[in-house]
Amino acid sequence: MRTRLPLVDDHLPQSVRVERRAVSEEESRRANGPDWDRYADEYQATHGTFLGDAGFVWGPEGHTEEELHVLGDVAGLDVLEVGSGAGQCSRWVRTRGGRGFGLDLSHRQLQHSQRLDEETGVAVPSVRGTATHLPFAPATFDVVFCSFGALQFVSDIEDAVGEVARVLRPGGRFAFSVTHPTRWMFPDDPGEAGLTATQSYWDRTPYVEVDDATGVVSYVEHHRTLGDWVRLLAGHGFVLSDLVEPEWPADHDRVWGGWSRARGVLTPGTAIFVAHVAVQ
């Protein structure tokens, strides 16, 4: 669950500059894999307690799978998490009787997953790979899900959604959470500045961070509108069954990047798409 969107300047490291330009899948992957390797320790130290070692949180609002029932009963099902990080959600699936498996681009995140396997006694078989080339045979899984992982960092999103369709069994479920597309209009600021629209919702130009010292792209994020996501799903044989827009909980005061109570009570920060493969 990490996103930077169009940042205000004083949130950026001094050695990084922001660009808005087209970025290929290869360049996105080259940037985001090492970026997550660098950030993994800090991410798990900062957010690990909130996520839970075997917990399933759908977004910074803190809503859990136990509350939302997006996946339904996973007992006895083969379940793949794309962008699994340290495997917290897949570990939760296993505690509920499902066969949870993880996939992530970051080697360091997968090392944290192995650490939590040992600490909890609940092991999540995981593989290093990319959402655009899932290393699994067709019709392997009953459920594929993604909690703020992978999809926002992928340029070739058609390939990623096509891969999910390929590895799902007929009638299989695909659920994923992303930054709510309307957030693209606003600076990624948890304060008052984050409530003023500063750019077009329909501008899909990727957000890019470049290391000033080396000129190397260090982070990339891609934007799709609500309509883009619906068309992507329909184009790969999915039927959309729900779009969950979690409200900010009354007792939740945690700030996570651009997510905060100040923004959350006025505008959605997370969108959860729920779809299934149409049975022929």
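The values are calculated or read from the model by the stated rules, or taken from the named source; none is laboratory data. Because the structure is a prediction, the values reported are computed rather than measured. Here the Cβ is made from the backbone with ideal geometry for all residues, glycine too, and neighbour counts use every protein chain on show.
Mind checking which residues of segment 79-107 are surrounded by 20 or more Cβ atoms within 10 Å (Cβ to Cβ), charged (D, E, K, R) and farther than 17 Å from L151 by Cα? Talk me through it step by step, then tell me what you get.
Our first condition is that a residue be surrounded by 20 or more Cβ atoms within 10 Å (Cβ to Cβ); within segment 79-107, this holds for 79-94, 98, 100-106.
Cutting the leftovers down to charged (D, E, K, R) gives us 81, 91, 94, 104.
R91, R94 - these are the residues of segment 79-107 that are surrounded by 20 or more Cβ atoms within 10 Å (Cβ to Cβ), charged (D, E, K, R) and farther than 17 Å from L151 by Cα.
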Inset, instruction - Specify which of the listed residues (G83, G100) is in contact with a Cys (Cβ under 8 Å, 6 or more places away or on another chain) and more than 16 Å from D37 (Cβ to Cβ). - result: G100
Legend entry - Given (1) touching a residue at least 40 places away in the same chain (Cβ under 8 Å); (2) over 24 Å from A31 (Cα atoms), index of the condition H223 fails: (2)
Legend entry - V239 vs. criteria in a strand (DSSP E or B), surrounded by fewer than 21 Cβ atoms within 10 Å (Cβ to Cβ), more than 20 Å from the chain's Cα centre (by Cα) and not aromatic (F, W, Y): yes
Legend entry - Test for R173: is it over 24 Å from E25 (Cα atoms), in contact (Cβ under 8 Å) with a residue 40 or more places away in the chain and under 19 Å from the mean Cα position of the chain (by Cα): yes
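A quick yes/no check of all residues on (1) outside any loop (DSSP other than H, G, I, E, B); (2) in contact with a strand residue (DSSP E or B) (Cβ under 7 Å, 6 or more places away or on another chain):
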| site | (1), (2) |
| --- | --- |
| R166 | yes, no |
| G171 | yes, yes |
| A175 | yes, yes |
| P187 | no, no |
| P190 | no, yes |
| G194 | yes, no |
| S200 | no, no |
| T205 | no, yes |
| S218 | yes, yes |
Legend entry - Check on R166, within 30 Å of P138 (Cα to Cα), charged (D, E, K, R) and in contact (Cβ under 8 Å) with a residue 40 or more places away in the chain: no
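Does V255 satisfy the condition of being surrounded by fewer than 19 Cβ atoms within 10 Å (Cβ to Cβ), at pLDDT 95 or above and of a type in the set (A, V, I, L, M, F, W, C)? Quick ask: steps written out before the conclusion?
Details: surrounded by fewer than 19 Cβ atoms within 10 Å (Cβ to Cβ): yes; at pLDDT 95 or above: yes; of a type in the set (A, V, I, L, M, F, W, C): yes.
So V255 fits the description; yes.
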Legend entry - Residue match in segment 146-157 (condition: surrounded by 14 or more Cβ atoms within 10 Å (Cβ to Cβ), more than 19 Å from G258 (Cα to Cα) and in contact with a Pro (Cβ under 6 Å, 6 or more places away or on another chain)): no
Legend entry - Checklist (1) assigned to a strand (DSSP E or B); (2) of a type in the set (V, I, T); (3) loosely packed, with under 15 Cβ neighbours inside 10 Å applied to I272, failing item: (3)
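Among P190, P125, P135, which is surrounded by 15 or more Cβ atoms within 10 Å (Cβ to Cβ), over 18 Å from V279 (Cα atoms) and not small (G, A, S)?
On the way: P125 fails: surrounded by 15 or more Cβ atoms within 10 Å (Cβ to Cβ); P135 fails: surrounded by 15 or more Cβ atoms within 10 Å (Cβ to Cβ).
Matching residue, one of P190, P125, P135: P190.
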Legend entry - segment 125-138 residues that are touching a residue at least 24 places away in the same chain (Cβ under 8 Å), paired with ones that are in a strand (DSSP E or B) and of a type in the set (D, E) (beta carbon under 9 Å, 6 or more apart): S126/E81; S126/D104; V127/D104; R128/D104; G129/D104
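Against the condition within 23 Å of Y43 (Cβ to Cβ) and of a type in the set (V, I, T), how does V124 come out, does it pass? Lay out the reasoning, then the answer.
Numbers: within 23 Å of Y43 (Cβ to Cβ): yes; of a type in the set (V, I, T): yes.
Criteria met by V124.
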